Amino acid sequence: MEHSPPPFFKRGPAPLVRLAFFASLSLALLVLDARFRYAEGLRSALALAIHPLQIAATAPVELALRAAGYFADQARLREENARLQARLVEASVAAQRAEAFAAELAELRRLAGAAERLPVEATAAEILYHGRDPYARKVVIGRGARDGVKPGAPVVNESGVLGQVTRVHALAAEVTLLTDKDQAIPVQVVRNGLRAVAFGAGASGLLELRFLAANAEIQAGDRLVTSGLDGTYPAGLAVATVARVERDAADAFARILCQPAASVDAGRYVLVLGHETRLAPYPEDDAAGAPERRGAKKKPRRRESDAAR
């Protein structure tokens, strides 16, 4: 069965002629538009008309690109935020260390000034840790026998007396604080020169003046310094301040509590003073009797065996 186009489509010129005609027309329009810009308005109108279609056609691609960019930006922002957080932590740690170093430097400067004012040789030492015995008030310092530290040496800081070296090792030493219950130090009231002995009060962290009469001339706020009578602590070092005075008519002695001037909780560095006995030697037995005349000879003492014969 043969198929043929309807008679309507058979009318007119041949297809080849029509193709040649329309091609020539297109070329003529292109030449005229290039030379005289006749189709510029038509082109603008067509561009305006098809602009919504262009937006609708490119919307899925643009939306996909924006979504990809959003997620990429979010990942980059998270990485940058994590990096900035790490840098902030590092800067915070550095600032804390710098503040600690500044405080340590200030403490060392104060210790250097205190060492210059002391009448004896002093050695700076760092407090390593507190003693493990909960019933004793002791610390361990990073100086020992190799550095010339000896048992009995006084230990002070820029505020006053801390305690005394009680045990020495090669590279470290144990310091018993004044507040230890087994420690005592002779003191003197700055206001009136009254002398007393301060004893450690133990866990309370205070000092107690014992064996002072109930009518002793002492009051709260009096400053106590070392008297130097024991030959261990140089005279004039700050020891404590009287915090409370309790007088009872039924007791012969007053109860006097004092706040220490120096504390190990206020710093990390101390000064170990040179331990030298400053007391005058005890008089000999012959010095207590009458002075012998010049030229007189001493009688030889008889032995106990001779006296028994």
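All of the numbers you see were taken from the coordinates with simple rules; none came from a lab. Everything quoted here is computed from the prediction, not taken from an experiment. Glycine also receives a Cβ, built like all others from the backbone with ideal geometry; neighbour counts cover every protein chain displayed.
Worth pointing out:
- When the Cα positions of PHE199, ALA213, LEU229 are compared along the charge dipole of the stretch 122-273, LEU229 comes out farthest toward the positive end, with charges on each C-beta of Lys, Arg, Asp and Glu.
- Sequence-distant residues sharing a close amide H with GLN183 (under 5 Å, placed H): GLY200
- Distance between the pseudo-spin-label points of ALA23 and ASN81 (7 Å out from Cα toward the beta carbon): 6.5 nm.
- The slack between SER159 and ASP230, meaning 0.36 nm per residue of separation minus the straight C-alpha distance, is 23.5 nm.
- Residue-by-residue Karplus 3J(HN,Hα) for the stretch 189-199, coefficients 6.51, -1.76, 1.60, Hz, glycine and proline x: 6, 5, 5, 10, x, 5, 9, 7, 10, 9, 10
- Amide H contacts for LEU128 (H built 1.01 Å from N in the peptide plane; partners 5 or more residues away or on another chain; cut-off under 5 Å): VAL140, ILE141, GLY142.
- With q set to 0.17 Å⁻¹, the log10 of I(q)/I(0) for the stretch 215-264, from the Debye formula over equal scatterers at the Cα positions, is -0.61.
- Modelled spin-label separation between ALA249 and ARG43, with each label point placed 7 Å from Cα along the Cα-to-Cβ direction: 12.3 nm.
- Other residues within the sphere of radius under 14 Å centred on the Cβ of ARG143, judged by their own Cβ, net out at 0 (K and R +1, D and E -1).
- Spin-label model distance (nm) - VAL190 vs VAL89, 7 Å beyond Cα toward Cβ: 4.9 nm
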